[in-house]
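A short reminder: the numbers here are calculations on the coordinates, not readings from a lab. In this text, all values refer to a predicted model and were calculated from it rather than measured experimentally. Note that we place each Cβ from the backbone using ideal geometry, even for glycine, and neighbour counts take in every protein chain shown.
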Amino acid sequence: MILSRVKPAVGGEAPTSEKKKKNKGKKTPRVEDYLNQRDYLGSITLLEFQRSAGEREEDADLWLGYCAFHLGDYRKAMEEYKALTERSGCPADVWVYLACTLFFLGFYKEAEEAALKAPKSQLQNRLLFHLAHKFNDEKKLMGFHQNLEDVTEDQLSLASIHYMRSHYQEAIDIYKRILLQNRDFLALNVYVALCYYKLDYYDVSQEVLAVYLQSIPDSTIALNLKACNHFRLYNGKAAEAELKNLIDISSSSFEFAKELIRHNLVVFRGGEGALQVLPPLIDVISEARLNLVIYYLRQDDVQEAYNLIKDLEPTTPQEYILKGVVNAALGQEVGSRDHLKIAQQFFQLVGGSASECDTIPGRQCMASCFFLLRQFEDVLIYLNSVKSYFYNEDTFNFNYAQAKAAVGNYREAEEVFLLIQSEKIKNDYVYLSWLARCYIMNKKARLAWELYLKMETSAESFSLLQLIANDCYKMGQFYYSAKAFDILERLDQNPEYWEGKRGACVGIFQLILAGREPRETLREVLPLLRNTGNPQVEYIIRALKKWAKDNRVSL
Amino acid sequence: MERAEREKTQLITNQPYDESLEVNDSEEVASVYTPTPRQTVSRKSRRQLCAMANNSSDEYEEDSKPKKKETQPAGEQGLSENEDEEEEEEEEDDDDDDDDSDETESDEDEGEPGSAPEGAYDPADYDHLPVTAEIKELFQYITRYTPQTIELDHKLKPFIPDFIPAVGDIDAFLKVPRPDGKQDNLGLLVLDEPCTKQSDPTVLSLWLSENSKQHNVTEVKVKSLENPEKNPKAIENWIESISELHRSKPPATVHYTRSMPDIDTLMQEWPPEFEELLGKVSLPTADVNCDLGEYIDIICGILDIPVYKSRIHSLHVLFTLYSEFKNSQHFKALAEGQKSDTLSVPRSGTGDPETLTFD
């Protein structure tokens, strides 16, 4: 077989032109032509055709394995290599190839066994290095790390480990160093772009990525990354458009990264189809589990979210945040201090970390942490720092208003509470009670009273009455205090309610004398007092009547 | 980080309960992550971070400070007990920085529901009222009731993160090399990924057997398509590639066993009388009451195509004639005007037939 030098397919030339040329020239196609195009399905078909036609090329099986591997069909590659290892006179290096396929199939133990049967090589060391990372074996990891040589492949492999351990800057340093020496290593731009994406520098990522896309406009990995950048920079719609573009240019026989694309379509469509697409992708794509948890959280299915995440050992900020969120939600739902403690610790861990402390999620974490600790001054410091991003966001406003109310800033708290649109939040007793308190503190007791009137009779409406009765009393808004105490007293013959009502009624009288309440209100006070069978009532009523008579107020 | 650590240590040495803090270590995960100072958030909050980190243990209890107790409303339970505890601890830390702690104190006092909020009822405001002794006595009922401080629950609505797109990992160079030992530069010059335009194995197999004339070797696998209605692109591509395959084949030649008139002769005009008649009556359609064989005989008769033993050859001539008319620019223009009159077979595009040999 005559093999020309490998020259990657760069730019302009439409991939179909090869077929056309071959068509016209009617030359027997060569595997090499397909490899140049990275048309591995083509090369596999040709190799298999030759195999069935009895034209045994040299190393045909190895070539098939190679093509299947780079197609991403690791199972097929694995089968090819496995068959080879079972043959006598098989080159020993095949073991490490087999190990590579096993690694990508997720059979890490088997991969290690196979790799150890191969003779020492750089590839073997790299593979064992990555396996040590998968096994979390730090000692071995360091050992294989030391065996890495100062050659491009080894250095790039090391950078990949940095990336997986979230050490993005270290990875970027390696890529930039190699790029300086080899300007034509265009693929490294994509790696750098991936790192910047992870560092939340989406526009930088986009810039670096453009260098590669200029040469290879139909790269799956690059276009997917571009879509993800669009998702972060703009919205799901923009991202979906980018992904649609990729789907349109891909031929139907194209299977590479299909799972990734399906996964991201769910993400870009705000969770649409999550239950169909995500469950089979759990533990295949690491984000799939997290996204399913997010989906359940959005559906208020906290228990299901917890079941999915409880065994996850968090390593990335996203995982810590999500575990914190689930624990916070569950802890509040079932009233578990343990869950709340875990939530608070995870929030603090993320919010306090050097990488996240200045990100929006990091600030939200810190705010959540202090919220759970009931340190609302600090909650406000953090929420204030990001509030411009969340105008009109119900969740944010709900927490923000509570914090403002908790530190006594009732005026702004009221404003923020009233921005909330969600009916679910607006019917939440926490919302109702805090809003009522804000109203009362802002001398709008009537509005608080209306909140009570709209409620169904329940334990919560009883609590709200107590709040109105006492807070209004405290604020000298005796009219609604008296009305609330009156109902409380009718519901529960607690002498305390009588004392409250008595004080409030006299308070109204005092307000009338001070000219702060219309004299006619006195007419409503008498029936309130008469509702109680206490002998004191008569004494008070007598005094009030006497004053009314002296001041010519008709009762 | 170092600074924070040092500061933390310093804080602890000033504490009255050093020993109990040491017990704390196992749970002190958080302190490792105490953030380095940063500009965006005030110093105060960072100090409290340290405080929190120090106090992550449940066992760490302290005498509550009386002055705090005053402001703390009674009757807290559950979570709020926790709050009580944490806040006291925090205050403990505050002590080594008096200015700050005072500030915090006053801030919190303001917000404390137990203390009188702005605009609260104050009986002194009404002392000036000119009222009788009896009414003054009545007024005392107001202060005789002390309104309860109602503790309201807080609820943190957790910030649910956005969905997270997946970008995949970076090439780790765990890849098999070319069997011939040449550099493939995958992952360097280009990403190690298949290109988006992959050959269709079925089409390519057909191609290969066509080119190599080895029809017998491969059993061609034709894949089936799920949800074809949702995937018109795949069907179109398939049709396109198969027709391209057919176009590339040598043109069909049919060896007639008996002599047939050549197409040009058949394309000659009919006699004028016949043309005239066609204006009045149309050619017999397939609805004529006869079987298909007879119908073929009728049509071939009208078109001067001889029918021998087998009709296949005659039909081939018939369709060749049709195809010739259809492709002729001259007749196309003519047909535009009187579509309905001509023999119109409702089929678009006659597939080029395979090479046929008859015996």
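Its alpha carbons give chain A an Rg and a Dmax of 35.4, 124 Å.
Grab the beta carbon distance between A:D550 and B:T146, set R0 = 22 Å, and tell me the FRET efficiency rounded to 0.05.
Numbers: r = 31 Å, r/R0 = 1.42.
Given R0 = 22 Å and the Cβ-Cβ separation, E is 0.10.
Please identify every one of the trypsin sites (Lys or Arg not before Pro) in the stretch A:306-395 that sits in a loop by DSSP and has no more than 12 other beta carbons within 10 Å of its own beta carbon.
Working: sites: A:K310, A:K323, A:R337, A:K341, A:R363, A:R374, A:K387; in loops: A:K310, A:R374.
Loop-located and lightly packed - A:K310.
Inter-label distance, A:S52 to B:R247: 2.7 nm, where each label sits 7 Å from its Cα along the C-beta direction. Between A:Q181 and A:E524, the contour length at 0.36 nm per residue exceeds the Cα-Cα span by 114.4 nm.
Full extension of the chain between A:K387 and A:L447 gives 18.9 nm of extra length, using 0.36 nm per residue less the Cα-Cα distance. When you filter the trypsin sites (Lys or Arg not before Pro) in the stretch B:255-333 for DSSP loop state and at most 14 other Cβ atoms inside 10 Å of their Cβ, you are left with B:R258, B:K309. Loop-located GluC sites (Glu not before Pro) across the stretch A:85-151 with a Cβ neighbour count of 14 or fewer within 10 Å are A:E86, A:E149, with loop assigned by DSSP. Using only the alpha-carbon atoms of the stretch A:389-512 as identical scatterers, what base-10 log of I(q)/I(0) does the Debye formula give at q = 0.11, 0.22, 0.23 Å⁻¹? Each listed q corresponds, in turn, to -0.38, -1.18, -1.25.
Figure the gain on full extension for B:T265 and B:E118 (residue separation times 0.36 nm, minus the Cα-Cα span) and round it to one decimal in nm. Don't skip to the end; give the middle numbers.
Values: separation 147, 0.36 × 147 = 52.92 nm, distance 11.13 nm.
Extending this stretch completely gives an extra 41.8 nm.
Derived scalar couplings between HN and Hα for the stretch A:206-213 equal 4, 5, 5, 4, 4, 4, 6, 5 Hz in order, rounded to whole Hz, by the Karplus curve 6.51 cos²θ - 1.76 cosθ + 1.60 (θ = phi - 60°), x for Gly and Pro. Rounded to the nearest 0.05, the FRET efficiency derived from the C-beta distance between A:Q122 and A:R75 at R0 = 25 Å is 0.45. Its relative contact order, with pairs defined as Cα atoms under 8 Å and 6+ residues apart, puts the stretch A:153-220 at 24 percent.
Taking the Cβ-Cβ separation of B:D127 and A:S463 as r and a Förster radius of 30 Å, what is the calculated FRET efficiency to the nearest 0.05? Can you show the working numbers first?
Working: r = 35 Å, r/R0 = 1.15.
Efficiency, from the Cβ-Cβ distance: 0.30.
Once both labels are positioned 7 Å from their Cα atoms along Cα-to-Cβ, the gap between A:E113 and B:L277 label points is 8.8 nm. With the simple spin-label model, which puts each label point 7 Å out from Cα in the Cβ direction, the A:V204 to A:E259 separation comes to 3.1 nm.
What the phi angles of the stretch A:347-358 give under the Karplus curve with 6.51, -1.76 and 1.60, with θ = phi - 60°, is a coupling list of 4, 5, 4, 6, x, x, 6, 4, 7, 10, 5, 10 Hz, glycine and proline written as x.
Express the relative contact order of chain A as a whole percentage, based on alpha carbon pairs under 8 Å and six or more residues apart in sequence.
Working: 604 pairs, mean separation 21.5, N = 555.
Relative contact order here is 4 percent.
The angle between the Cα long axis of helix A:521-530 and the longest principal axis of the Cα atoms of chain A comes to about 90 degrees, rounded to the nearest 10. Residue-wise HN-Hα couplings along the stretch A:95-104, as the Karplus relation 6.51 cos²θ - 1.76 cosθ + 1.60 with θ = phi - 60° gives them from phi, are 4, 6, 5, 4, 4, 4, 5, 4, 4, 6 Hz; Gly and Pro carry x.
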